[in-house]
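Here is the structure we will look at, set down as structure tokens.
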Amino acid sequence: MKLVIGSDHGGFDLKENIKEYLNEKGIEFTDYGTLTPDRCDYPVIAKKVAEAVADGTFDRGILVCGTGLGVSIAANKVHGIRAALCNDTYCATYSRLHNNANILTMGGRVIGPGVARDIVDIFLTTEFQGGRHANRVAMITEMDK
Ligand code: RB5
């Protein structure tokens, strides 16, 4: 799976922690920034990551800001993106099973690295259930047109 990751300053520490975890697990990824803890604008990073998932450069993305809200709202403006804010493992599971989420967003000021690592595991390994959920996701895709 081709994976891209990004954050603003509010999510920078958690993004760096997740990168460490992905490296430990041997999961390859590309980091679209931010690359320093200096203040920056989350819509810029969210747009870059979302467009790269939407155009097929990457299969999935992970975005982190302070709450996970800003990057989620911004990423969902890009056609074809289903960005799911998951600050708990239950939502992470269903974001994949029912929503076929292609971007995971989390809040670096909301959750700690332990929970975030569990959420990332679930997001990367849980398959979409399809069936009636595929019809619903198709309705969302239709709204993109
Ligand atoms: C930055 O201070 C903060 O607003 C941002 O990281 C994010 O939480 C926005 O939704």
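Remind me, what semi-axes does the range 11-51 give for its equivalent ellipsoid, largest first in whole Å, using sqrt of 5 times each Cα gyration tensor eigenvalue?
20, 13, 6
Find the Rg to Rh ratio for the range 11-145, where Rh is the Kirkwood radius over alpha-carbon pairs and Rg uses the same atoms.
0.95
Taking Cβ-Cβ under 4.7 Å as the only way to count a partner, pick out the unpartnered cysteines of the chain.
Those would be Cys40, Cys65, since no other cysteine Cβ in the chain comes under 4.7 Å of theirs.
Going by average Cβ neighbours within 10 Å, how do the peptides 11-21, 45-55, 59-69 rank, with the highest at the top?
Sorting 11-21, 45-55, 59-69 by mean packing, highest first, produces 59-69, 45-55, 11-21.
Using Cβ contacts closer than 10 Å as the measure, can you line up Leu85, Leu104, Leu22 from fewest to most?
Ordered by Cβ neighbours within 10 Å, fewest first: Leu22, Leu85, Leu104.
Determine, for Phe128, Phe123, Phe58, the number of other Cβ atoms within 10 Å of each Cβ, and report the residues in order from fewest to most.
Listing Phe128, Phe123, Phe58 from fewest to most nearby Cβ atoms yields Phe128, Phe58, Phe123.
Report for the chain the percent antiparallel among DSSP-assigned beta bridges with both residues inside it, nearest 5.
0 percent
Counting only residues 5 or more places away or on other chains, whose amide H sits under 5 Å from the amide H of Ser7 once H atoms are built in the peptide plane?
It is Gly33, Thr34, Val64, by chain and number.
How large is the dipole of the range 13-145 about the Cα centre if only Lys and Arg carry +1 and Asp and Glu carry -1, each at its Cβ, rounded to the nearest 20 debye?
Computed about the Cα centre, the dipole is about 420 debye.
Given H placed 1.01 Å from N in the peptide plane, which residues other than close sequence neighbours of His98 have an amide H under 5 Å from its amide H?
Gln129
At 4 °C and 1.567 mPa s, grab the translational diffusion coefficient of the range 13-91 from Stokes-Einstein with a Kirkwood Rh over Cα pairs, rounded to a whole number in µm² per second.
The Stokes-Einstein estimate is 98 µm²/s.
For Asp55 and Thr93, what is the calculated FRET efficiency with R₀ set at 35 Å and r taken between the beta-carbons, to the nearest 0.05?
0.80
With a 10 Å Cβ neighbour count serving as the proxy for reagent exposure, in which order, fewest first, do Thr30, Thr105, Thr36 appear?
Lowest to highest Cβ neighbour count: Thr36, Thr30, Thr105.
Tabulate in residue order the Karplus-calculated ³J(HN,Hα) for the range 93-99, using 6.51 cos²θ - 1.76 cosθ + 1.60 with θ = phi - 60°, rounded to whole Hz; enter x for Gly and Pro.
4, 6, 4, 8, 4, 9, 9
How many lysine pairs does the chain hold where the Cα atoms are under 24 Å apart and the two sit 8 or more places apart or on different chains?
So the count works out to 17.
Pull up all non-local amide H partners of Gly108: gap of 5 or more, or a different chain, and H-to-H distance under 5 Å with H placed in the peptide plane.
Cys65, Gly66, Thr67, Gly68
If one takes the longest principal axis of the Cα atoms in the chain, at what angle in degrees, from 0 to 90 and to the nearest 10, does the Cα axis of helix 12-25 lie?
Result, in degrees: 70.
Rounded to the nearest 500, what is the chain's calculated 222 nm mean residue ellipticity when only DSSP H runs of at least 4 contribute -39500 (n - 2.57) each, over all residues?
The helix contribution divided over the chain gives -14500 deg cm²/dmol.
Just to check, using Stokes-Einstein with a Kirkwood Rh over alpha carbon pairs, what's the diffusion coefficient of the range 77-145 at 20 °C and 1.002 mPa s in µm²/s?
Estimated via Stokes-Einstein, D reaches 172 µm²/s.
Read-outs throughout are calculated quantities, based only on the coordinates presented, and are distinct from any laboratory measurement. All values derive from a computational prediction rather than experimental measurement. Cβ: placed from backbone, ideal geometry, glycine included. Neighbour counts: every protein chain shown.
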